Amino acid sequence: MRRSSSLSTITILGAGNMTRGIATRALAGGYDVQILARDESEAGTLANELTGSVSTGAFSTPIAGDVVVLALPYDAALSVAGELRDALNGKVVVDITNPVDFATFDRLVTPDDSSAAQEIQKAIPAAKVVKAFNTTFAGTLVAGAVDGQKLDVLVAADDAEAKAAVVSLVEAGGMRALDAGPLKRAHQLEGVGFLHMALQGQLGNTWSTGVKVVGA
């Protein structure tokens, strides 16, 4: 299926496992994918492992997509967003991060009254930031389901059109989008994402579980 809208290309910044997962879902949904990384060779290596229309480049490469996914750890995502501030003007920017203190793994590093998504929005005020994919693990995105169940992707944003664009991406990739409200709800979503990560040790460290809302 080839999408005919102006949102037919998704740009993903980063070349790690979450890029692999989100790119796999986007390609399955008929989107073209552009992968940009600081080391362009890493983007190329990942692209060669994917099936579909994938282009690559460095962070300096012009951004092809109207939807841009920051598939980077929080500190790097915030830094790269600032570096590419002008290029991201008017774009839908998807923040997938959980801003965990990985030195202690016992807290989030963002202010108590904020979130990673809100801090990134401050860094790129002319972009439309959407929180999504922070409660889905990379391997489950590649698989597209957990235990035969569609993945739930919780989506929060202030801009209705930006949220709709991400919902379309989620649903085209065979997942279920749940509207979590305005961008400030990212604070709670990041708590859920952190808890989901923290539970993995007790669940066998398979990182193959999913956060699912049932009965709706």
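The values are calculated or read from the model by the stated rules, or taken from the named source; none is laboratory data. Keep in mind that this is a model prediction, so the values were computed, not measured. Methodologically, a virtual Cβ is constructed for each residue, glycine included, from the backbone with ideal geometry; neighbour enumeration extends over all protein chains shown. For accessibility, only protein heavy atoms count, side chains too; no ligands or nucleic acids. Shrake-Rupley method; radii C 1.70, N 1.55, O 1.52, S 1.80 Å.
Any residue at all in the range 47-60 that's in a helix (DSSP H, G or I) and without any contact (Cβ under 8 Å) to a residue 24 or more places away in the chain? Let's see the steps before the verdict.
Taking the range 47-60 and keeping what is in a helix (DSSP H, G or I), we get 47.
Those left that are additionally without any contact (Cβ under 8 Å) to a residue 24 or more places away in the chain: 47.
Yes: one or more hits.
Going by the conditions given, is Ala76 within 17 Å of Thr9 (Cβ to Cβ), at pLDDT 95 or above and either open to solvent by less than 40 Å² (accessible area, probe 1.4 Å) or of a type in the set (Gly, Ala, Ser) (or both)? Before you say what the answer is, go through the steps one by one.
Working: within 17 Å of Thr9 (Cβ to Cβ): no; at pLDDT 95 or above: yes; either open to solvent by less than 40 Å² (accessible area, probe 1.4 Å) or of a type in the set (Gly, Ala, Ser) (or both): yes.
The answer is no for Ala76.
What do you reckon, is Ala126 at pLDDT below 95, farther than 18 Å from Met18 by Cβ and loosely packed, with under 13 Cβ neighbours inside 10 Å?
Details: at pLDDT below 95: no; farther than 18 Å from Met18 by Cβ: yes; loosely packed, with under 13 Cβ neighbours inside 10 Å: yes.
Taking the combined requirement at face value, the residue does not satisfy it.
Which is in contact (Cβ under 8 Å) with a residue 60 or more places away in the chain and either among the aliphatic types (A, V, I, L, M) or under 21 Å from Asp95 (Cβ atoms) (or both), of Gly210, Gly174, Gly181? Spell out how you get there, then give the answer.
Working: Gly174 fails: either among the aliphatic types (A, V, I, L, M) or under 21 Å from Asp95 (Cβ atoms) (or both); Gly181 fails: in contact (Cβ under 8 Å) with a residue 60 or more places away in the chain.
It is Gly210.
Scan the range 90-101 and tell me whether some residue there is crowded, with 20+ Cβ neighbours inside 10 Å, basic (Lys, Arg) and more than 30 Å from Thr206 (Cα to Cα).
Among the residues of the range 90-101, at least one is crowded, with 20+ Cβ neighbours inside 10 Å, basic (Lys, Arg) and more than 30 Å from Thr206 (Cα to Cα), which makes the answer yes.
Looking at the range 43-71, which of its residues are over 17 Å from Thr9 (Cβ atoms) and open to solvent by 50 Å² or more (accessible area, probe 1.4 Å)?
Scanning the range 43-71 gives Thr45, Asn48, Glu49, Ser60.
Does any residue of the range 195-207 turn out to be in contact with an Asp or Glu (Cβ under 8 Å, 6 or more places away or on another chain), loosely packed, with under 14 Cβ neighbours inside 10 Å and at pLDDT 95 or above? Write out each step before concluding.
Start the filter on the range 195-207 by keeping residues that are in contact with an Asp or Glu (Cβ under 8 Å, 6 or more places away or on another chain), which leaves none.
No, the conditions are met nowhere in the range 195-207.
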